[in-house]
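These notes concern the structure reproduced below.
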Amino acid sequence: MSQERGAPASVVPLEELSSWPEELCRRELPSMVPRLLSMYRHSDSWMEHIQILKILVEMFLPHMNHLTLEQNFFSPVLPKTVKLFDDMMYELTSQARGLSSQNLEIQTTLRNILETMVQLLGALTGCVQHICATQESIILENIHSLPSSVLHVIKSTFVHCKFYICKILEVRNHILYMPASFENSESVYSGRLHLVSDLLQALFKEAYSLQKQLMELLDMVSMDPLVDENVDILNMVTVIHSLLEICSVISSMDHAFHANTWKFIIKQSLKHQSVIKSQLKHKEIITSLCEDILLSFHSCAQLAEQMTESDAQDNADYRLFQKTLKLCRFFANSLLHYTKEFLPFLSDSCCTLHQLYLQIHSKFPPSLYAVRISKAQQEEIAGAFLVTLDPLITQLLTFQPFVQVVLDSRLELPCELQFPQCLLLVVIMDKLPAQPEDVQTLWCTESQASETTTRVSLLRAIFYSFEQCSGELSLPVHLQGVRSQGQAEGAVTLYQHVCVHLCAFIASFHPSLFPELDAALLNAVLSASMITSLLAVDAWCFVARYGSAELCAHHVTIVAHLIKSCPGECYQLTNLSILFRRLFFFMAPPQQVEFIQKFPPKEAENLPLWQCISFQALPAELRKQTAHEVSGVGTAQCKKWLRGTRTLGELESLNTVLSALLAVCQSATEALDIGQQTAVVEVGSQLWSFLNVKLVTGQPYVQQTFNLLLPLLGFFIQTLDPQLICQVVTLQTSLLRLEPPDHVRLAVLDFVSSLGKLFIPQAIQDKILPNLSSIFALLLTDRNWLLEQHTLEAFTQFAEGTNHEEIVPQCLSSEETKNKVVSFLEKTGFVDETAAARVERVKQERGVFWEPFAKVTAEAAKWSSSQPYAKRARRELPLEEEYRSALQAAAGALEALELLLQKSPAPDWLLMKMEALQGRIDKLKRHVL
C-alpha cells in the first residue's frame, strides 16, 4: 500500500494525492514536488491548474525549507499562477457581455470562472498564511515573488469588483463620490450583475482577506543585509508602489480597508526609510494621498450640507459624517507624518501640497464657493481636520521649493482659489516671527532663480492676493477674530483680518528686513486698487504709531517729497495725499514745527503739500499760524492770476492754490479772521466770473477749477452776494443739461445741498428756485448708482433745512423718483435680494469687472517703483488742452458707434471705414513715438 501511495504523480490521480497523510507528503516531497511543478507548467486545464496548486500549497508547502521557498516553489509556480488568473479575467470580461437570465450556458460558464478565481485566491492566501505562521525570521529576498504576484492578482480583482462593491456601499452608506472611470464597468455584465453578485462578493472578500494577510506578512519581513542591496531595495519599493496603485482602486470601496492600506504604506516607508528613501516615488505618494484627502473632505462637506438642508437631524447621516471626518483627519495626519520624514525629497510635490490647502479652503466657509454648512459642523470640521493643515504649513516654512511655489510671480489662480491663497499667506505671516532670521529672509525678500523664475516677497504677495479678493471684500465675508484680553472672539471682515495680522507681523519684523517692508508698503500705496492702497496706508500708519516720533517725521518728509515729485493729477498722487494727511496726525508737535520750517506754507511751491493736510492735526497756535499763511499766499496767488493774462495754461497751479484754500476752510475756518474770510470770498467771486458753460464742458482743468470753487463758495453761503448765487445756480442748470462728467455733477450736489441753510431773498427767488428744482429733478433720475446715492443724500439735507418747502415736491418729477426718495428716507432697499443671490451676483461681477481690473493692476504694479517720478518738462498747456479735447471727441464718437451697433446691424460699408480709421490711428501712433 505504501508503494502505491508513493507512486509517481503522473501515475497517482490528483484526487488520491489530496488524501495523502502528512508524513507521506514529507517523505515524498523531493520526488513529488518537481513532478507536480512539471504538470502545473504544462497543464492546459484551469481546473487541473487549481487542483495541482491547491495540492502543492496544502500538502507539500508546509514541509518545504523556508530558505529555499523562493527558488523551489514561488519562482516556478507564481508566474504561471498570475498568467492563469489574467487569462481567466480576460475570458470573464469577454464572456460577461453576453450574460442574460435566458442564456444559462454563459451564466454557468461565468460562474465556473468566478468560482475558480476564488479558489486561486484561496491558494495564494494559503501561501501567505504559511509564511506568516513560521517562527523564523523572514527575509524579503527569500519570498520576493510572492508579494509581487499576490498584489497583481489583488489589484485586478478589486478593479473588476469595484463597480459592484461601490454600488452596494452607495445604497448602504449614501456614498457621494464614486470615480467616473469605473461607472461604465457595469456594462461588462450588461446590467446583469445580480446573476453573479454572490460570486463577485465572494471574490472580493477573498481578495480583501488575502491583502490583509499579505500586509501582516510584509510587516514581519526584514531586508537581508547580505543580499545585493539594490535588489532588496527594489523589491520593497515595488511592493509599496503596488499597494499605492491598489489604494487608488479601493478608495471608494471600503473606508477602513483603504485607511489601513495607507497606514501600511506609510509604516513600511518609514520602517525602511534609510535604504529606500531615494527610490520611492514620493511625488506619486503625495499626489495620491492629497487626492484621497480631497475626496474624503468633499464627501464630508456634502454630508454636512445634506444635514444642513434637512429639516430633521438624521442620526445615520451624522454617524457617516463623523466617520468620514475621522477619515479626513487620518489622511491629513498621514500626510503630515510622511512630509515630515521625507521633506528633502518633496521639491516636486510642493505645488500639489499648495493646491491641497487652497482647494480645501475654497470649499469651506467663508469662501464664496463653499457649500452651505451649519456652524456646528463647521466647528467640527475645523477642529478635527483643518487643524492638521496648520503643522503641515509649519513643516514647509523652511523648504525653499515650497516658498518658490507659493510666491511665484507667475502664479495664476482661478477666482475660487484667490481667497484661500490670501488666508494661506496670512497663516505663513503669523508663523514667521517664531522662525530664525534666515527663514524670515527667505520669505520676505524677492529672488530671481532664472530668467523665467521670479519669487516676490511675502508682503507684496499678500497685497496682491488681498487685491484679488474683491467679492469677499465687497460682501463682506467674516472670519474668526483675534481673542483680545478680557474680550471674546468676534467675527471680523477680511479687511480687518488681514490688517490686524499684517500689523502684528510688522511689529515683529526683523530690522534687517525693514527695506523690504518700506518697498512693499510704498508699492501697495501706489496701487491702482483703492482697497489695496487703503490697507497699505493703514499698515503704514501703524508703523508710524508703533515707531518713534523721529521715524514718523522721517516718513512724513519722504512722502512729502514724493508728492512734490508727482508730475500731475494721477491716482498715485491721490493715494500719497491720503497717506500724507493721515501720517501728519501722528507727528509730535516738535516735529510738526520742524516740518513747517522745512516746508513753509507761505511759499507757493509748498501748497501742493498743504492742500493735503488737515489743519486739525496741528495744535491751536500752529493751526492759526499755518492757516493764516496758507490763506494769505493763496489769495495772493489768485489775485496774481486775475491780474495776469489769465491763460488756461496757468490753471493747474491755480487749482493747487484753490485746493489749499479749501483745505483751510474745511479744517480751520475758525482760525481765519473776518478779513481773511472776506478775501477768500472776493477772489472766489472774481474767479467765478471767469467761468462759462463752454469752458467748463470743454476743458478738464476748468472743470477742476469749477469743482473747487463750488465747495469753497459753499462754506460762505450765508455771506455770498445773492446775485453771485443766482449766477452759480444758473450756470449749473445749463451745464447739467449738457451731461457733464460725473465729478462735475458731484460738485454741483455739494453746492445745492448747502443752499438748504440759506433763506433766498424774494427778489431772486423766481430765478433760483426753478433752477434748483430742475437740478434736483435731473440728478435724481441719474442712473449712475454713485450719483444716485449722493443725490439722495444731498436732496435729503436740502429738504430738511430749507425754508422754501414749496420747491421740494417740484424736485420729484415722477412717481418712480418719489418712491426712490421714500425708500431712501425709510432706509429700505430697492431690491429684495437673498444672501445666496447676493453671493452669486458678486461672483458674476467679479468675473465681469474685477478680473480685467486685476490684470491692469498687475501690469501697473510691474512698472511701479518706490522711487519718485522724474519731473516732466512743462508743456504749453493750451495746446495740450486741445489734444485732450480732440481725443475726448474721438472717444465720444466711438461710444456713439458702439451704442448704434447694439441697436441695429452694421451697414456693409462700416467695416471698411473702420479699417481706414485704424490705419490713420497707426500712422498717428508712429508720430507720437
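The values are calculated or read from the model by the stated rules, or taken from the named source; none is laboratory data. None of these values were measured; they are calculated from a predicted model. Positions of Cβ are backbone-derived with ideal geometry, glycine not excepted, and every protein chain shown enters the neighbour counts.
Annotations
- Residues that are within 25 Å of Leu494 (Cα to Cα) and not polar (S, T, N, Q), drawn from the stretch 425-454: Leu425, Val426, Val427, Ile428, Met429, Asp430, Lys431, Leu432, Pro433, Ala434, Trp443, Cys444
- Hey, Ser774 over 19 Å from Ser685 (Cβ atoms), modelled with pLDDT of 85 or more, among the polar types (S, T, N, Q) and assigned to a helix (DSSP H, G or I) or not: yes
- Residues of the stretch 356-379 that are surrounded by fewer than 17 Cβ atoms within 10 Å (Cβ to Cβ) and either assigned to a helix (DSSP H, G or I) or in contact with a Cys (Cβ under 6 Å, 6 or more places away or on another chain) (or both): Lys375, Ala376, Glu379.
- Members of the stretch 337-352 found to be under 15 Å from Ile393 (Cβ atoms) and of a type in the set (D, E, K, R), listed by number: Lys340
- Residue match in the stretch 521-541 (condition: touching a residue at least 60 places away in the same chain (Cβ under 8 Å), in a helix (DSSP H, G or I) and more than 23 Å from Leu413 (Cβ to Cβ)): yes
- Single residue of Leu713, Leu651 found to be part of a helix (DSSP H, G or I), among the aliphatic types (A, V, I, L, M) and touching a residue at least 40 places away in the same chain (Cβ under 8 Å): Leu651
- Scanning the stretch 277-294 for residues that are hydrophobic (A, V, I, L, M, F, W, C) and in a loop (DSSP other than H, G, I, E, B) yields one hit, Leu280.
- Within the set Phe264, Phe331, the sole residue that is in a helix (DSSP H, G or I), in contact with a Leu (Cβ under 7 Å, 6 or more places away or on another chain), in contact (Cβ under 8 Å) with a residue 60 or more places away in the chain and buried (at least 20 other Cβ atoms within 10 Å of the Cβ) turns out to be Phe331.
- Out of Lys598, Lys602, sole residue that is closer than 24 Å to Ala679 by Cα and in contact (Cβ under 8 Å) with a residue 24 or more places away in the chain: Lys602
- Scanning the stretch 279-294 for residues that are over 13 Å from Ser248 (Cα atoms) and crowded, with 19+ Cβ neighbours inside 10 Å turns up Leu280, His282.
- Residue within the stretch 688-702 that is among the hydroxyl-bearing types (Ser, Thr, Tyr) and over 22 Å from Ala636 (Cα atoms) present: yes
- Top-ranked residue in the stretch 183-235 [being under 23 Å from Leu124 (Cβ atoms), buried (at least 16 other Cβ atoms within 10 Å of the Cβ) and of a type in the set (S, T, N, Q); ranked as modelled with the lowest pLDDT]: Asn235
- Inter-residue pairs, beta-carbon under 6 Å, first at pLDDT below 95 and in the stretch 502-517, second buried (at least 16 other Cβ atoms within 10 Å of the Cβ) and among the small types (Gly, Ala, Ser), 6+ apart: Glu516/Ser457
- Listed by first and then second residue, the pairs with beta-carbon distance under 8 Å, at least 6 apart or on different chains, first residue in the stretch 728-739 and in contact (Cβ under 8 Å) with a residue 60 or more places away in the chain, second surrounded by 18 or more Cβ atoms within 10 Å (Cβ to Cβ), form an empty list.
- Of everything in the stretch 605-631 that is within 48 Å of the chain's Cα centre (by Cα), of a type in the set (A, V, I, L, M) and part of a helix (DSSP H, G or I), the residue that is surrounded by the fewest Cβ atoms within 10 Å (Cβ to Cβ) is Ala617.
- Subset of the stretch 613-648 (residues that are of a type in the set (Val, Ile, Thr) and under 11 Å from Ala668 (Cβ atoms)): Ile613, Thr626, Val630
- Only one of the listed residues (Thr116, Thr125, Thr109) is free of Cβ contacts under 8 Å to residues at least 60 places away in the same chain and buried (at least 17 other Cβ atoms within 10 Å of the Cβ). That residue is Thr109.
- Of all residue pairs spaced 6 or more apart or on separate chains, those with beta-carbon atoms under 8 Å, a first member in the stretch 144-161 that is farther than 16 Å from Ser209 by Cβ and a second member that is hydroxyl-bearing (Ser, Thr, Tyr) and surrounded by 21 or more Cβ atoms within 10 Å (Cβ to Cβ) are Ser149/Thr81.
- The number of residues in the stretch 98-120 being farther than 20 Å from Val82 by Cβ, of a type in the set (A, V, I, L, M, F, W, C) and either in contact with a helix residue (DSSP H, G or I) (Cβ under 7 Å, 6 or more places away or on another chain) or modelled with pLDDT under 75 (or both) comes to 3.
- Single unsatisfied condition, Trp443 versus (1) closer than 21 Å to Leu368 by Cα; (2) crowded, with 23+ Cβ neighbours inside 10 Å: (1)
- Residue check, Pro567 within 48 Å of the chain's Cα centre (by Cα), surrounded by fewer than 17 Cβ atoms within 10 Å (Cβ to Cβ) and modelled with pLDDT under 90: yes
- Filter result for the condition that a residue is modelled with pLDDT of 95 or more, closer than 19 Å to Asp390 by Cα, in contact with a Phe, Trp or Tyr (Cβ under 8 Å, 6 or more places away or on another chain) and buried (at least 16 other Cβ atoms within 10 Å of the Cβ), over Leu336, Leu346: Leu346
- Of the criteria (1) surrounded by fewer than 17 Cβ atoms within 10 Å (Cβ to Cβ); (2) under 21 Å from the mean Cα position of the chain (by Cα); (3) in a helix (DSSP H, G or I), which one Ile393 fails: (1)
- Residue within the stretch 245-256 that is part of a helix (DSSP H, G or I), without any contact (Cβ under 8 Å) to a residue 40 or more places away in the chain and buried (at least 16 other Cβ atoms within 10 Å of the Cβ) present: no
- Within the stretch 678-708, the residues that satisfy the criterion of being surrounded by fewer than 17 Cβ atoms within 10 Å (Cβ to Cβ), of a type in the set (S, T, N, Q) and in a helix (DSSP H, G or I) are Thr678, Gln686.
- Any hit, the stretch 549-559, residues being buried (at least 17 other Cβ atoms within 10 Å of the Cβ), in contact with a Cys (Cβ under 8 Å, 6 or more places away or on another chain) and either free of Cβ contacts under 8 Å to residues at least 12 places away in the same chain or more than 23 Å from Lys431 (Cα to Cα) (or both): no
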